[in-house]
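Structure first, then comments.
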């Protein structure tokens, strides 16, 4: 569900801008954040609850290094356009799928599957491939040069794109 | 790569079993409870003390299992919807250098080397760019290619047309026997 950036006030934006990383790991983290932001612990918690409810924030907490946390794999499959929605639903039902996108290419469905270890991952992929009935392109990461999705949010530019 | 399952020594001297660590990671992957003492809530759910939970988390930060902690923003609802996967066909001898060059760019959020799958898939280097509009993302890509001297490398841009799912990884389930 789209969110109008104008519904996020200065405090919401500062929460996001200051704490996409370096959330304090202490007994009362939200009180520590409130101190820095000049507000109360209860207000920080209320703001975070609202950002979660709006879907702007998916969770508050650690991001694990996927290469060390378990096994994961980027996969792609080429399916007829008429079957794309149905195939995407099958992919979403498979255990461990955390990203699933349609992209403009002959390989038109792209997803990431995660699992506790390589053996579970391989058997999940084999099962999904059999259910889909189309071969999967399996593209494991061989080397990572950069992985950081905590990008600065371009608030001014976002406001400029919203209809009044 | 092996998963991290070493027994952790908590400050009070007790050790945290790998099963308790797995339970804690499973909870943490879903985010912190929004309570004034979130670690205590997690500790109660996992049968640990608050001190043991904090010791585990500090250790995971120090050894790199946890990359960052904070608000995990979903870009799409905010309007950052032009999500481009750029795939490159780079001679093997040059791929690491090209990857490091792309990684220098602020706009590049992810950059990986992956295997080719010939004949259908000749690309061995992947990066992601995010933006509000496709034209802006393509202009940024053109600037990156110019700045980093990558004009001779064949590449393709795969924009996302639809997101069916976007959430954090779930790794800490039951491992295989």
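Give the residue, chosen from B:79, B:51, B:47, that is within 30 Å of residue A:156 (Cβ to Cβ) and either in contact with a strand residue (DSSP E or B) (Cβ under 9 Å, 6 or more places away or on another chain) or touching a residue at least 24 places away in the same chain (Cβ under 8 Å) (or both). Steps first, answer last, please.
Values: B:51 fails: within 30 Å of residue A:156 (Cβ to Cβ); B:47 fails: within 30 Å of residue A:156 (Cβ to Cβ).
Unique residue meeting the criteria: B:79.
For residue B:86, are the conditions met, namely being at pLDDT 95 or above and under 30 Å from residue B:131 (Cα atoms)? Give the derivation first.
Numbers: at pLDDT 95 or above: yes; under 30 Å from residue B:131 (Cα atoms): yes.
Taking the combined requirement at face value, the residue satisfies it.
Among the residues of segment A:42-64, are any surrounded by 17 or more Cβ atoms within 10 Å (Cβ to Cβ) and over 23 Å from residue B:68 (Cβ atoms)?
Looking through segment A:42-64, none of the residues is surrounded by 17 or more Cβ atoms within 10 Å (Cβ to Cβ) and over 23 Å from residue B:68 (Cβ atoms).
Determine which single condition residue A:77 fails, assuming it passes every other condition in (1) touching a strand residue (DSSP E or B) at 6+ places or on another chain (Cβ under 6 Å); (2) surrounded by 19 or more Cβ atoms within 10 Å (Cβ to Cβ); (3) within 11 Å of chain B (Cβ to nearest Cβ).
Of everything listed in (1) touching a strand residue (DSSP E or B) at 6+ places or on another chain (Cβ under 6 Å); (2) surrounded by 19 or more Cβ atoms within 10 Å (Cβ to Cβ); (3) within 11 Å of chain B (Cβ to nearest Cβ), residue A:77 misses just condition (3).
Got a number for residues in segment A:21-38 being touching a strand residue (DSSP E or B) at 6+ places or on another chain (Cβ under 8 Å) and more than 15 Å from residue B:54 (Cβ to Cβ)?
Summing the residues that are touching a strand residue (DSSP E or B) at 6+ places or on another chain (Cβ under 8 Å) and more than 15 Å from residue B:54 (Cβ to Cβ) in segment A:21-38 gives 2.
In segment A:74-95, how many residues are under 18 Å from residue A:122 (Cβ atoms) and outside any helix (DSSP H, G or I)?
6
Could you list, in sequence order, the residues of segment A:13-33 that are at the interface with another protein chain (Cβ under 10 Å from one of its Cβ atoms) and within 18 Å of residue A:54 (Cα to Cα)?
Residues satisfying the conditions are A:15, A:16, A:17, A:19, A:20.
Would you mention how many residues in segment A:124-164 are facing another protein chain (nearest Cβ under 8 Å), out of contact with any strand residue (DSSP E or B) (no Cβ under 8 Å at 6 or more places or on another chain) and free of Cβ contacts under 8 Å to residues at least 60 places away in the same chain?
Qualifying residue count, segment A:124-164: 3.
Is it the case that some residue within segment A:113-133 is under 24 Å from residue B:81 (Cα atoms) and in a strand (DSSP E or B)?
Yes - at least one qualifying residue is present in segment A:113-133.
Got a sec? Which helices (runs of 4 or more DSSP H) wholly within segment A:1-73 have at least 1 residues that are modelled with pLDDT of 95 or more and in contact with a helix residue (DSSP H, G or I) (Cβ under 8 Å, 6 or more places away or on another chain)?
A:10-19, A:29-37, A:41-54
May I ask you to list the residues in segment A:120-140 that are buried (at least 18 other Cβ atoms within 10 Å of the Cβ) and more than 24 Å from residue A:83 (Cα to Cα)?
A:120, A:121
Quick grid of which residues meet (1) in contact with a helix residue (DSSP H, G or I) (Cβ under 8 Å, 6 or more places away or on another chain); (2) in the same structural domain as residue B:136 (by TED's automatic domain parsing); (3) buried (at least 18 other Cβ atoms within 10 Å of the Cβ); (4) not in a helix (DSSP H, G or I):
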site: B:67; (1), (2), (3), (4): no, no, yes, yes
site: B:70; (1), (2), (3), (4): yes, no, yes, yes
site: B:80; (1), (2), (3), (4): yes, yes, yes, yes
site: B:83; (1), (2), (3), (4): yes, yes, yes, yes
site: B:86; (1), (2), (3), (4): yes, yes, yes, yes
site: B:95; (1), (2), (3), (4): no, yes, yes, no
site: B:99; (1), (2), (3), (4): no, yes, yes, no
site: B:102; (1), (2), (3), (4): yes, yes, yes, no
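For segment B:28-65, how many residues meet the condition of being within 9 Å of chain A (Cβ to nearest Cβ), more than 18 Å from the chain's Cα centre (by Cα) and assigned to a helix (DSSP H, G or I)?
Qualifying residue count for the region: 6.
What single numbered condition from (1) part of a helix (DSSP H, G or I); (2) modelled with pLDDT of 95 or more; (3) facing chain B (nearest Cβ under 7 Å); (4) in contact with a helix residue (DSSP H, G or I) (Cβ under 9 Å, 6 or more places away or on another chain) fails to hold for residue A:102?
Exception for residue A:102: condition (1).
Tell me which residues, restricted to segment B:108-160, are over 22 Å from the mean Cα position of the chain (by Cα), within 12 Å of chain A (Cβ to nearest Cβ) and part of a strand (DSSP E or B).
Correct list: B:117, B:121, B:156.
Checking residue A:114 against (1) within 7 Å of another protein chain (Cβ to nearest Cβ); (2) surrounded by fewer than 17 Cβ atoms within 10 Å (Cβ to Cβ), only one condition comes out false. Which one?
Answer for residue A:114: the failing condition is (2).
The values are calculated or read from the model by the stated rules, or taken from the named source; none is laboratory data. Computed from a predicted structure; not experimentally measured. Virtual Cβ from ideal backbone geometry, glycine too; neighbours counted across all protein chains shown.
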